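This report concerns only the one structure given below.
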Amino acid sequence: MKTVIEPFRIKMVEPIKLTTREQREALIRKAHHNPFLLRAEDVIIDLLTDSGTSAMSSEGWGAMMRGDESYAGARSWYRFRDTVKDIFGFEQVIPTHQGRAAEHILFSVTVKPGSIVPNNTHFDTTRANIEFVGGKPLDLPCAEADDLDSDYPFKGNMDIAALEALVAEEGPENIPVIMVTVTNNSGGGQPVSMANIRAVSRIARDAGIPFYIDACRFAENSHFIKQREAEFKTTPVIDIAREMFDYADGCTMSAKKDAFGNIGGFLCTNDAALAHQERNILILTEGFPTYGGLAGRDLEAIAVGLREILDEHYLDYRLFSTRYVVEHLRTAGIPVMAPAGGHAVYLDARRFLPHIDSLQYPGQALAVELYIEAGIRAVEIGTVMFGADPHTGEEHPARLELLRLAIPRRVYTQSHMDYVLEAIGRVWERRENIRGMRIIKAPRFLRHFTARFEWV
Ligand SMILES: *Cc1c(COP(=O)(O)O)cnc(C)c1O
């Protein structure tokens, strides 16, 4: 059959509250034109994030009932740990309440003021956690990542020559960790090839620098490798994932992404002495090392989710559903990042609204219009998110001005996506009348979450 179906049946539903355009105009004004400040029930299709928004399966919910809530050494902890070890292969597993807690602990023990941490592209919490301890996050995306139109299959790759030059110039003593994010979330949900991971790993090992994978979307990345890297055409996705982690010394993971969790994360390493230091911080900030800020039932749900996410029928459907939206937008001539990434669709706000300057936040303006048009919530990934230096407060245009429409896992159907396509088409029709925005009030770190905006 050519038709790709959602490979699940719906057993429980959550009604969507519908609103009128007039209501939405008032609601977004009350939210200071920042979709993060809306009430979720005032959103019709919520594409703000794919993080923690997945639909769990009957197996996942069933597993929660057998959560062992013992403080130390619970059965649920061992099930969680053994599943993580089996797939990721690292010796030390440290549970955390989210991915950012794993990042904070990792950088607290490895990064010193002035240290440089390269990545293909740092995610916003990763960048902020490095800056918070005085380090310098550095993005080294491959050159192909800049061309939003090309169908280059691995736009998430790291620039290998730039990484080599950095290690030669700065020396391993100033680079405590080299990271690669799979898939590259801030770079468009684009995959990283196994060849690229091998090359990064070789550089890291030759220089004696630990290599960490930001593993949030490891299953989607592995499936892209299967589809696009000839060598892996017939390799089971779980084996692709295992090989990927084999090249690394550790990982940070948000279980809110490729583990179908509503909460959770973990930090892995093969370095027992480092893990000892990390567990000391864990006890201070998260909890005892066999639960780390999670309930036993959460550990159970994640253990089930990590297996389900590697189901290749699910991954076929998952990558197809994102491609479905991107291909329809491209056919309509609407500027969108190509090829389709794994978890999200990225409108190119710079070309969608060429009359709006970067410092008037075209991505933010587009987010506001899409909400007013159809109650769709999406997030700006551009100058609002990355344009301000938290130490000097200085602003500069981001490399890309994107609006990310993240697709929650197993939550929306094709008709929901058709509604999204119609709404984007309508905003596209009236794009010339859309105005830029300015910031009224914003905090220093991670300003996009709470900044207040007004039209210029
Ligand atoms: C979501 C995410 C994180 C942070 O994880 P949280 O669970 O939200 O704290 C880190 N890196 C990437 C690539 C992510 O997508």
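Values in this text are rule-based calculations from the coordinates and carry no lab data. Computed from a prediction, not measured in an experiment: that's the story for all the values here. Cβ: placed from backbone, ideal geometry, glycine included. Neighbour counts: every protein chain shown.
Assorted remarks:
- Charge tally around Pro390: other residues with Cβ under 14 Å, Lys/Arg +1 each, Asp/Glu -1 each, net -1.
- Toward the positive end of the charge dipole of the chain, with +1 on the Cβ of Lys and Arg and -1 on the Cβ of Asp and Glu, the farthest Cα among Ala273, Leu329, Asn262 is that of Asn262.
- At R0 = 51 Å, FRET efficiency that the Cβ-Cβ distance of Arg351 and Phe288 yields, to 0.05: 0.50
- Evaluated with a Cβ-only charge set (Lys, Arg +1; Asp, Glu -1), segment 58-308 carries a dipole of roughly 720 debye about its Cα centre, given to the nearest 20.
- Charge dipole (debye, nearest 20) of the chain; +1 at Cβ of Lys and Arg, -1 at Cβ of Asp and Glu: 1140
- With a simple spin-label model that places each label point 7 Å from the Cα along the Cα-to-Cβ direction, the separation between Arg307 and Arg426 comes to 4.4 nm.
- A Förster radius of 45 Å combined with the Cβ-Cβ distance from Glu69 to Thr3 puts the calculated FRET efficiency at roughly 0.55.
- Taken as Cα centroids, segment 73-111 and segment 129-168 sit 26 Å apart, rounded to the nearest whole angstrom.
- Once C-alpha pairs closer than 8 Å and six or more residues apart are averaged by separation and normalised to the residue number of the chain, the relative contact order reads 23 percent.
- When you restrict to C-alpha pairs under 8 Å that are six or more residues apart and normalise by the size of segment 58-308, the relative contact order lands at 32 percent.
- Relative packing of 367-378, 79-90, which averages over residues the other C-beta atoms within 10 Å, highest first: 367-378, 79-90
- DSSP beta bridges confined to the chain are antiparallel in about 65 percent of cases.
- Summing charges over all other residues whose Cβ lies under 11 Å from the Cβ of Ala259, with Lys and Arg as +1 and Asp and Glu as -1, gives +2.
- Ordering of 171-177, 195-201 by packing [mean C-beta count within 10 Å, highest first]: 195-201, 171-177
- A simple count of charges around Ser58, restricted to other residues whose Cβ falls under 10 Å of its Cβ and scoring Lys, Arg +1 and Asp, Glu -1, yields +1.
- Neighbour counting of Cβ atoms within 10 Å sorts the residues Lys2, Lys256, fewest neighbours leading, into Lys2, Lys256.
- Between the listed residues Met179, Ile209, Ala195, the Cα displaced farthest toward the positive end of the dipole of segment 164-211, a dipole computed from Cβ unit charges relative to the Cα centre, is found at Ala195.
- Proximal lysines relative to Lys112, as straight alpha-carbon distance under 30 Å, when same-chain residues fewer than 8 apart are discounted: Lys85, Lys136, Lys256, Lys257
- Relative protection proxy for 289-297, 352-360, from highest mean packing down: 289-297, 352-360 (other beta-carbon atoms within 10 angstrom).
- Among Ala143, His104, Ile45 - extreme Cα towards positive end, dipole of segment 29-144, charges at beta-carbon: His104
- Using a Förster distance of 56 Å, the FRET efficiency for Asp271-Ala230 (Cβ separation, nearest 0.05): 0.95
- Charge dipole magnitude, Cβ of K and R +1, D and E -1 - segment 1-142, Cα centre, debye nearest 20: 100
- The spacing between segment 427-456 and segment 256-295, judged by their C-alpha centroids, is 36 Å.
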